[in-house]
Amino acid sequence: MANITHLMVTGGPASGLEIHVPDEGLRIGRSSKNDVSIPDDTMSRFQCRFFMKPGEGLWVSDLGSINGTSVNGLPVQEQRLHLHDEILAGDTPIRVVNEGISPGEALSTEATSEPLPALEPSLDLGFKKGGGSSTRPAIPDLRRKLMWVVGVMVFVVVAAWLPWGKLAGALPWRQKPVPLPPVGMFPELDLIAVVTSHDKGMGNMLTTLP
């Protein structure tokens with residue numbers, strides 16, 4: 001079976017040269033020790049290497065050349081190549097005419113490289129003790145906030161209630177006896193006032209004898 005042309009030299013002293021890249025790759029440079037030797041004075045003795053990566057196709061790697069290797073105008077150290085990419089090695093332009101991967105493999109690679117769609121977060125208030133979704137709730141501290149609000153409400157109620165109990169024990173009528181009219185002010189009634197005092201302000205008792 002005829003070798004497939006992967007690269008085409010489109011300018012310079014080797015213009016029109018068709019290059020087949022084997023699976024193990026090949027080197028290009030000015031030296032005759034390369035797999036492909038190009039008499040370009042601006043090209044290094046060992047300029048770059050083209051090779052195949054399984055499932056990814058054609059790649060290029062610079063071999064530490066003086067003038068560097070660029071793809072589509074951008075200098076690269078190692079770069080995957082695609083159809084119609086332009087590689088410049090020295091002053092020699094090289095075009096990719098076959099990226100070394102079948103259309104079926106390309107579609108498979110693109111499909112596996114596409115990110116999976118993000119799952120919509122489910123609202124879980126966290127009241128379930130078992131089972132359910134493992135997705136974290138949209139408001140993870142909802143129960144904490146609810147407990148905080150209930151605590152504040154309890155504090156306000158207790159704070160509003162306590163002063164009334166203290167005030168009830170501090171009322172003047174709980175601490176001071178009620179003054180009675182002097183004995184003899186009403187002699188016709190022949191009043192005898194007996195005042196019984198109890199501890200802790202239990203009150204004053206008036207006993208009227210016949």
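Every number here is computed from the coordinates shown, using simple stated rules; none is lab data. Quick caveat, the model's predicted, so the values are computed rather than measured. Every residue, glycine as well, gets a Cβ built from its backbone with ideal geometry; the counts of neighbours run over all protein chains shown.
For residue 67, the residues whose modelled amide H falls within less than 5 Å of its own, excluding neighbours fewer than 5 places apart on the same chain, are 44.
Quick check on the range 1-98: take the gyration tensor over C-alpha atoms, sort the square-rooted eigenvalues as a ≥ b ≥ c, and tell me if it's rounded (a/c under 1.5), prolate or oblate. Here the range 1-98 falls in the rounded category.
Model label points for residue 146 and residue 20, set 7 angstrom from Cα along the Cα-to-Cβ axis, are 7.4 nm apart. Here the 3J(HN,Hα) profile of the range 49-55, calculated from phi with Karplus coefficients 6.51, -1.76 and 1.60 at θ = phi - 60°, is 10, 9, 7, 9, 10, x, x Hz, Gly and Pro shown as x.
Backbone N atoms of the range 1-35 closer than 16 Å to the 7 Å Cα→Cβ label point of residue 67 belong to residues 9-15, 28-31. Residue separation of residue 33 and residue 74 scaled by 0.36 nm, minus their Cα-Cα distance, works out to 12.0 nm of gained length.
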